[in-house]
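Quick notes on the structure that follows.
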């Protein structure tokens, strides 16, 4: 039975939850497919996450391998293919706890960087798990700066082999997933040397474990890097290579090759490498960042209408904590952000698809913009969502801190997204470099991509809003964001120019501006996110009920951003102090409005209880019962601790 | 041998590290005592934390019990007493991983709330671990709102006993430490009923486990609440009471008693209860919040001069990551904050000591101020430091995410401090209530405590700074903080008045202002922290070398705060946009200055390698060697996973 406090929230929804779900899915058909996949996966006991919070790193790994192997069978049974409509939903349904994601990257890198012959040899084996691959790029001493990798591959012309070595400890491969315990092969990145000359970093297929008995191959030292904040199910590994020889054919050679006589040939463009990273970053945002944030919002908001604490009025019943303004102010902006970024993901996907079409026509013009946008949004969204999940966790008080709430593991996992696939600060600076370039070009009257023409456009110097209701106009707040982003980019460009003109060297000048450059890049992404949300709402006009609540969320997302970053809007007087008070008033007014629909808004995300795996967030709101039930299953309750016999019994005074 | 990149940082210190350490300790004598305690504890293998990152919850608990029991023996051996000089340093030396902290709260509550007879009976037994106590206040359904506790204690006049019951699942005691597996007794808080009348919440001593065999007593259901984000070593527990009878003498009765005939008598003041919370909050800040932040800064800063990545100049060696402005901007403000809050702790201690002197003279006038300050600073410092530790973790990239860095466990532990001992939002609102009251009183010409007289004082409407150097004047920035705090308090008071005058009910009006009230309370604490830092620096005049670097840190703390919260300073034009550019310039200029002394500044915290327990943060900077060495010890490397035989072997293609 559903907790009545939660049930009552659903009776007053201002819109149809089912319709919102379908719209978010991109159509009823997709909703149906997604639910069928989820149902098939969740009803299969192999995929159960029931005991996840009680398992050791070893147990998590074992379960993840089992799931990965079983998933292949399952897909075959169900008739799901990699290009079928179900494929998009499998990862969501499995909820991330599955091995061999790096095996997929292994395959992708061979497909993208390998010759036709290499693809024909390795891909069929890999796709049937006849070997397990990994992707060994990062080293102990090198993550973001790939040119600095220290692993070497020296071509031996006499045997027609490459000799791979880890010349020192910092050159050890470190972090690759699936490598610590599973992989039999890896794509290893190493500095290529031919006849004493270094040709830079290249990828080589290296066997690391025996296919007979899984023992390490000669010259290989490998193992697991030990416990992490999360990803216990992944065997992130280390790898040392000591005079490991691989045949000449094992260097991936779609774009370059060492020929038998030792001559080095390169063909094709390397620019396309951007494109892999871009595609990984976009798909990562959906699965690893936005979806977990939607889950965290679902858990925290449902809990906040079940949890009653203290009184809003003397003599009244204790209040639902979501009725406190401070609780609304914690959670509802995160909910709005989850929606905002869900729409940004569509925006990026479209940008990507357009880019891909052009690339297929050998037009690479969109690559810089795509790279800048995917980098900047990766940084901004992972940062924002990590903080959002933390806010959700803390907003659930003590119970949020229990693993059984589901929130700690969402948090410790999403936190990693700020670091992997490009460290966020470095990504923001890449976006900033693009923005500065475009600003300079636009100022000089040269053409720039449509998304950044605003940098050169002259805008009114003052926000025209006259009262708090004016700030509910998307034109008003979108213009404010645009003005602010353009100002931050142009003022940082000016600082950079000043430094250069005063004789500071180019690299020093850049370094001295990086704090502001990163801020400008964030501002740009924030502007695009607001603009895109507003446009998404506008397009919704045929669905009035949904459009209305989406408009409220869009307003909240925009005004929360102005309220929380008021300094950058006030700085040049574009928004005055009096107008900022209007922003604050409008922002705070929105909270109780959206609060009314808060539960339907998270229900529409359509997560099953199993996928949330949270004692606080289940659909029925039976929070306390579930916490108690789950706690009893903890291994700490299965036996009397040896600590009693060993340490306590001798002390306790039995004559009391 | 020390990594040369780290060694070189120490050769250029602008001050004597040893002198700074002694000053932070409050004298050379204290430093000596502290080091002796740390040495004694760390040289004892029982206290080793070597395998901590590899242990299960069960193993952590067992080790913590062993340590707690051994510690008592150790103290006796070493001649350390609870009122000796060594006592302050024991907890720091053990580094937190010890059981029976709630046993201490059990004892403290009996000492403070029990009659002399009760103290004489229970304290000697407890202090020798002849029983293990816990403190059962929080319930599944009630944390912050104690009046809402649902456990009942009904007086049975015929047997002269209290009958304790858990009437429903939400009334179950939940979270008390030491209760899940260890405690034989607890102080349980319950609603007292005598002859049908409820007298509110009172504390009762209840036995929960047998002293013979540690089995649960009749009517008791208890166990461990399962895994949490951290505190694996603590057996946080649940407790249900079913018609559990305790004698009349078991109600703690220093302030009130149920007499044999059922009459209820109360004497003394309950106000003093504030004082326990105040004292707990202040000591918690030092041990659980500020010290861990200092550790995180030590780890991240040392790592950031060992880690080289990418190039600042083309053709140069890869740069130490601390030479990048963005890395300085991440870490150095956290370092400055660690110092700032270390000094706030002294400020609060002094306030507390003064208050305590007055209380002993039966003068309770300082209690509201003490309560407001300890609440506000608990919230502000735990929030700030939690974020600081997260920044340190992320600033170490991938390696920060490994448990072996020590940072994840610092983070997951400090995060809890935002929730326990008063949820932060609720604490801020208590501070705000005090500030609003004082503002009203001061505006009406009534006397207020000296710390808040500024609320009524009229200040110049514009900051007088003319250039960026002016912002290195403590008067200039302290005035800016003061003006800003006073403005936020007064404008929120005005909003509250407006709402009341427009007919909004008192409680609704308060709720509608809580977001701004919390902001005002934070602003007040931030102002006091800046002012206190500036005063601390001023008093240092005899130690010129140290004063100089502390002045830089104070400037950084203050200007970082203005830079990051620029909106509240710009809002009414007190600081103009042009002045904000000066603040930014001065702030960014400070980074490379403090960066030069960054390593000596963390060395002065004087943490041993064992207490940091970090592969990244050791004194010798042998980061990569240690990561590799420690990873090899992981249980994931001790055996081949069963996953190979079960799932992989049947697939892998051995004829390749």
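Bear in mind these aren't lab numbers, they're just calculated from the coordinates by the rules spelled out. Here the structure is a predicted model, which is why all the values come from computation and not from measurement. Reconstructed Cβ throughout: ideal geometry from the backbone, glycine too, with neighbour counts over all protein chains shown.
Summary table below
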item: Sorted by Cβ neighbour density within 10 Å, fewest at the top, the residues A:506, B:121, B:531; result: A:506, B:121, B:531
item: Residue B:168/residue A:501 FRET efficiency (R0 56 Å; Cβ-Cβ; nearest 0.05); result: 0.15
item: Across the identical copies, how the residue B:101 labels are spaced - nm, sorted shortest first, 7 Å along Cα→Cβ; result: 3.3
item: Separation of the residue B:159 and residue A:462 label points, Cα + 7 Å toward Cβ, nm; result: 8.0 nm
item: Mean Cα-pair separation over length for chain B, i.e. relative contact order, pairs under 8 Å, 6 or more apart, %; result: 15 percent
item: 7 Å along Cα→Cβ, label-point gaps from residue A:310 to other copies, nm, shortest first; result: 4.4
item: Paramagnetic reach from residue A:7 (point 7 Å along Cα→Cβ, amide N under 13 Å) across segment A:595-626; result: A:620-622
item: Near-label residues of segment B:315-340 by backbone N, under 17 Å of a point 7 Å along Cα→Cβ of residue A:145; result: B:315-328
item: Fraction of beta bridges assigned by DSSP in segment A:131-267 that are antiparallel (%, nearest 5); result: 80 percent
item: Beta bridges by DSSP in the protein assembly as shown, antiparallel share as percent, to the nearest 5; result: 85 percent
item: Rg/Rh ratio calculated on Cα atoms of segment A:455-605 (Kirkwood radius); result: 1.07
item: Residue A:538/residue B:548 FRET efficiency (R0 56 Å; Cβ-Cβ; nearest 0.05); result: 0.45
item: Rounded Å value of the spacing that divides the Cα centres of segment A:287-359 and segment A:80-151; result: 32 Å
item: Order of B:253, B:375 under a 10 Å beta carbon neighbour criterion, fewest first; result: B:253, B:375
item: Virtual spin-label span in nm between residue B:581 and residue B:443, 7 Å along Cα→Cβ; result: 3.7 nm
item: Segment B:546-656: relative contact order as a whole-number percent, Cα under 8 Å and 6+ apart; result: 16 percent
item: Fewest-first ranking of B:83, A:25, A:475, using other Cβ atoms within 10 Å as the exposure measure; result: B:83, A:475, A:25
item: Computed E for residue B:14/residue A:645 - FRET, C-beta separation, R0 41 angstrom, nearest 0.05; result: 0.15
item: Peptide A:633-639 - average C-beta neighbours from other chains (10 Å radius); result: 6
item: Other-copy label distances relative to residue A:27, 7 angstrom Cα-Cβ extension, nm; result: 8.0
item: Value of [θ]222 nm, deg cm²/dmol, for the protein assembly as shown, DSSP H segments ≥ 4, -39500 (n - 2.57) each, nearest 500; result: -17000 deg cm²/dmol
item: Amide N proximity, segment B:329-355 versus residue B:365 label position 7 Å along Cα-to-Cβ, cut-off under 13 Å; result: B:355
item: Stokes-Einstein diffusion coefficient of segment B:557-632, Kirkwood radius over Cα pairs, 25 °C, 0.890 mPa s, in µm²/s; result: 157 µm²/s
item: Segment B:131-267, relative contact order [Cα under 8 Å, separation at least 6], %; result: 27 percent
item: Chain A - share of DSSP beta bridges that are antiparallel (%, nearest 5); result: 80 percent
